[in-house]
Amino acid sequence: MSLYRLLADLIVVIHAGYVGFVVLGVPAILFGAWRGYGWARNFWFRGVHLLMIGVVALESIFGILCPLTEWEDQLRASAGQDVEEGSFIGRWTHELIFVDLSPGVLTACYCLFAAVVIGLLFLIPPRRPAFLKRR
């Protein structure tokens, strides 16, 4: 197995982790708040979650190809593979995170999801970190 192919598969797994964090973050926040878990109101967790979906929504609005997708494609080309090729794990992980919808529908979905994440900031506000609290 070539190093390029292995790195391309690693990028797909990282990409799936990114998507998983963003998507599963919403039900995790709802569940964590319902159960009274402190991490559900953690400022940094919530800020990173918002930043991650914000990046996805802005990339989609401005027609910017995701850097992880671009990097994977370049690595696959360097490995002599078609973009659709890959290892078993790489192909299945790729299928999990890439859906066959039009760019306009995907942009609307990303923006709607970002709005849900922003709404959760008001519905279940994060705790202010110590350095932002008044003394």
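Just so it is clear, none of the values below were taken in a lab; they were calculated from the coordinates. Here the structure is a predicted model, which means the values were calculated and not measured. Note that each Cβ is placed from the backbone with ideal geometry, even for glycine, and that neighbours are counted across all protein chains shown.
If only the Cβ of Lys and Arg carry +1 and only the Cβ of Asp and Glu carry -1, the dipole of the chain around its Cα centre is close to 1440 debye.
Once you have a ≥ b ≥ c as the square roots of the Cα gyration tensor eigenvalues for the chain, tell me rounded if a/c is under 1.5, and otherwise prolate or oblate according to whether a/b is larger than b/c. In terms of gyration-tensor shape, prolate. Every helix of 4 or more DSSP H residues in the chain counts as -39500 (n - 2.57), and over all residues that averages to -24000 deg cm²/dmol at 222 nm. Running a GNM on the chain with Cα contacts under 10 Å, which residue among Asp82, Asp100, Asp73 ends up with the highest mean-square fluctuation? Of Asp82, Asp100, Asp73, the most mobile in the Gaussian network model is Asp100.
Relative contact order for segment 3-128: what percent, with Cα pairs under 8 Å and sequence separation of 6 or more?
Relative CO of segment 3-128 lands at 43 percent.
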